[in-house]
Amino acid sequence: MAMMKITRDALPALYARIAAEQSLILPVKTAGQTNFGLWNETADVDLYALKTVKSAKDAFFPQSETLYTCTTEDKKITITPEKLTDEQFVVFGIKACDVQGIKVLDKVFLSAPVDSFYAARRAHGTIVAMACSAPSESCFCHAFGIDPTEPADADVVIWPVGDTLCWKAMTEKGEALTALAGDLLTAADAADETALENAKAFTKSVMQKLPYANLTLEGWGADKTDEKFNSPVWDDLYKGCLACGTCTFVCPTCQCYDIKDYNTGKGVQRYRCWDSCMYSDFTMMAHGNNRNSQMQRFRQRFMHKLVYFPTNNDGMFSCVGCGRCVDKCPASLNIVKVIRAFQKAEKGETK
């Protein structure tokens, strides 16, 4: 489909038009923090924010969701499954790293046996990705082969260029959304195309100057378990970890969850909620925990991101370089520090 464009001033009208037809989820600022949330006329939309605190993962894999409800009457148990999503919705303004995060979740939840709750949301959701214009010092998506100026596998891609946004539909869902936008979009011309290419070039020049511009994944990836698992590097690296789980909750690819029961007084709701491999009670069973030290739990998180997942998923890493763990870890024990610690050890460096 040909490139279109929309002015920044026309965005509120676009939001209203989309929301009149289906739910619209986009970056919204609340109490000074920007996260993805439902749009309404009073929402403080923060579309141009580089990163939300959490990714848009909640739109497809909510932090908590009911699976089914059990009720009893005259000793008869009735099980009522939760209704699957059947309403269309749009997630607007996802950055390239977070789109890649959804692809990681697809590998997990759409592989057999398919997670029906996740699959229903993916089927009914339209993704509008927004290219980055000014990556931050904590970004390192390029290390995972992600181009922040060209979000891949979205239904629509938009690029901020001055006071306009270039718009291009990539799928049938994207074409349907473009048709809904209607007269709010106009055709882009040669000058717009040139301005867009200049904007992309500027963003890439910024990326080359970032602190992690030279970060590489050499030594990591599929089939590196034996090489990395028993390394003495873990014994010192984990010690500052607080086991707070912040890294897992802001991560766009973490997919671990727990299943619990809640007594409503009229029955029992079985629900699932996000969990963290950094917690001491994660995977707790009758005999205890199979990873009973914080070092083992710390190692598990990063081995999964950088070794186990690519081993089982055709080389795809379970990290997208969004930098949220760099920004949020209170002990600065993020994935970049892990990668660099091993690189230094392999070169014989002690500091």
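Some observations on this one:
- The shape of region 140-186 comes out oblate: with a ≥ b ≥ c from the C-alpha gyration tensor, a/c is at least 1.5 while a/b does not beat b/c.
- Relative to the current alpha-carbon distance between ALA13 and ALA152, full extension at 0.36 nm per residue lengthens the span by 47.4 nm.
- Only Cα pairs under 8 Å and 6+ residues apart enter the sum, and on that basis the relative contact order of the chain stands at 20 percent.
- Extension gain, THR311 back to GLN22 (0.36 nm per residue minus Cα-Cα distance, nm): 100.2 nm
- Overall shape: oblate for region 61-218, with the ratio a/c of the largest to smallest alpha carbon gyration tensor axis at 1.5 or above and b/c at least equal to a/b.
- Overall form of region 152-241 per C-alpha gyration tensor (a/c, 1.5; a/b vs b/c): prolate
- Given +1 at the Cβ of Lys and Arg, -1 at the Cβ of Asp and Glu and no other charges, the dipole of the chain around its Cα centre is 1240 debye to the nearest 20.
- In terms of surrounding Cβ atoms within a 10 Å radius of their Cβ, CYS241, CYS322 rank from fewest to most as CYS241, CYS322.
- Modelled FRET efficiency - R0 30 Å, ALA112 with ALA190, Cβ distances, 0.05 increments: 0.05
- The chain - Debye-derived log10 I(q)/I(0), Cα point model, q = 0.08 Å⁻¹: -0.45
- Dipole of the chain [Lys/Arg +1, Asp/Glu -1 at C-beta], most positive-end residue of LEU11, ALA179, GLY32: GLY32
- For TRP167, TRP234, the sequence from fewest to most other C-beta atoms within 10 Å is TRP234, TRP167.
- Placing a pseudo-label 7 Å from each Cα along the Cα-to-Cβ vector at GLN88 and THR283 gives an inter-label distance of 4.2 nm.
- Distance violations [Cα-Cα > 23 Å] among LYS168/LYS328; LYS239/LYS305; LYS224/LYS337: LYS168/LYS328
- What the Cβ-Cβ distance of ALA134 and LYS75 gives, at R0 = 51 Å and to the nearest 0.05, is a FRET efficiency of 0.20.
- Along the chain, the longest continuous region that contains none of the GluC sites (Glu not before Pro) in a DSSP loop with at most 16 other C-beta atoms within 10 Å is 219-348.
- For region 18-26, the Karplus equation 6.51 cos²θ - 1.76 cosθ + 1.60, evaluated at θ = phi - 60°, returns couplings of 5, 5, 6, 9, 7, 5, 10, 10, 7 Hz by residue, with Gly and Pro reported as x.
- At full extension, GLN343 and LEU242 could sit 34.0 nm farther apart than now, given 0.36 nm per residue minus the alpha carbon distance.
- The mean sequence separation of alpha-carbon pairs under 8 Å and at least six residues apart, normalised by the residue count of region 4-207, gives a relative contact order of 22 percent.
- At most 12 other Cβ within 10 Å, DSSP loop - trypsin sites (Lys or Arg not before Pro), region 232-334: LYS266
All of the numbers you see were taken from the coordinates with simple rules; none came from a lab. Everything quoted here is computed from the prediction, not taken from an experiment. Neighbour counts run over all protein chains shown; Cβ positions are idealised from the backbone, glycine included.
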